[in-house]
1. Over every pair of different alpha-carbon atoms in the range 92-223, take the mean of 1/r and invert it; report that Kirkwood radius in Å.
2. Quick check on the chain: helices-only [θ] at 222 nm, where DSSP H runs of length 4 and up contribute -39,500 (n - 2.57) each and the sum goes over total residues. Nearest 500, please.
3. Quick one: which of 74-84, 174-184 comes out on top by average Cβ neighbours within 10 Å, and what's the full order, highest first?
4. Please list the non-local residues whose amide H lies under 5 Å from the amide H of Gly128, H modeled 1.01 Å from N, same-chain partners needing a gap of 5 or more.
5. Please list, by residue number, everything in the range 158-183 whose backbone N is under 18 Å from a paramagnetic label point 7 Å out along Cα→Cβ of Ser149.
6. Which distance in Å, rounded to a whole number, links the C-alpha centroids of the range 1-63 and the range 122-143?
7. Going 7 Å from the Cα of Asn94 in the Cα-to-Cβ direction, what parts of the range 165-192 have a backbone nitrogen less than 17 Å from that spot?
8. Shape of the range 126-194 from its Cα gyration tensor (a ≥ b ≥ c, root eigenvalues): rounded if a/c is under 1.5, otherwise prolate when a/b > b/c, or oblate?
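Throughout, read-outs are computed from the coordinates displayed, never taken from laboratory work. Keep in mind that what you see is a predicted model, and the values were worked out from it rather than measured. Reconstructed Cβ throughout: ideal geometry from the backbone, glycine too, with neighbour counts over all protein chains shown.
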Amino acid sequence: MWLRTSCEMTFDITVHTPFILMLRLRSGAQQWVASEEYRLKPSVPVFEFTDNYGNLCQRLIAPPGPFAIYISADVMTADQVDQSPGAPFVEVENLPDAVLSYLLPSRFCESDRFGEMATELSAGQQLGYDQVKAIETWLRTTIRYEPGSSDIPVSAVEVNSRQWGVCRDLSHLGIALCRSLSIPARLVVGYLYGLEPMDLHAWFEAYIAGRWYTFDATQPELTGGYVAIGYGRDAADVAIYNQFGPPVYPITQDIRVQLIEEKHT
């Protein structure tokens, strides 16, 4: 399907403020970016780099006063999310080097704390995809999904303790459980067509049978329409913006995902 995604944020800047943004989509196995528009008001110099996870990032200094960021893209993404029940576990010694970091505990995913729990949740499942599916099902039926309830990332341990959270929080817990079973897992931030209420979204991916598969415990079932912006070990790696100096927060934030005609084919 062809989607038009957009994100618009406005700030009131008090002093010259360095920003690192992560807003540009990249083409990959699951999506193709056909066109893009990126505007800053006022216009300032921007320097782009690729971070350790392959995400496209932009550095800039916002001047005092009103500052607006707008980006939109036309992107083709899969009509359906790939699923593969029975796909096998990959032994650690056979994992690609680039995947190994997604096995380790990270700031918000304390996988060294969940070994016994993950083993119990996935008991009786074939090693690999079916284990992660069992984790996803447990999250969906046990951890209460409350959109908009928190702007501050919390760790997997905290989510498991309080039993509720936003999409990012459920993903953190899913990632920690997967890693405790020696299944690499990573956080993805992006857009989801048809998400209610509309906002930026987070889900997780697990590395099984030589590739990454999508899992999302916040939705009744996996459908198409996922568009990834950034990948990382947890929320610390995939913030759509980081600013340095006196704290500033968006005065407004408008996220849109529209189905468009397949004019690019």
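1. Working: mean 1/r = 0.0681 Å⁻¹.
Answer for the range 92-223: a Kirkwood hydrodynamic radius of 14.7 Å.
2. Working: 4 runs with 42 residues, N = 265.
Result for the chain: -4500 deg cm²/dmol, rounded to the nearest 500.
3. On the way: 74-84: 16.4, 174-184: 26.3.
Answer by packing, highest mean first, reads 174-184, 74-84.
4. Phe89
5. 158-175
6. Here the two parts' Cα centres lie 35 Å apart.
7. Residues 182-184 fall inside that zone.
8. On the way: a/c = 1.69, a/b = 1.45, b/c = 1.17.
It comes out prolate by the Cα gyration axes.
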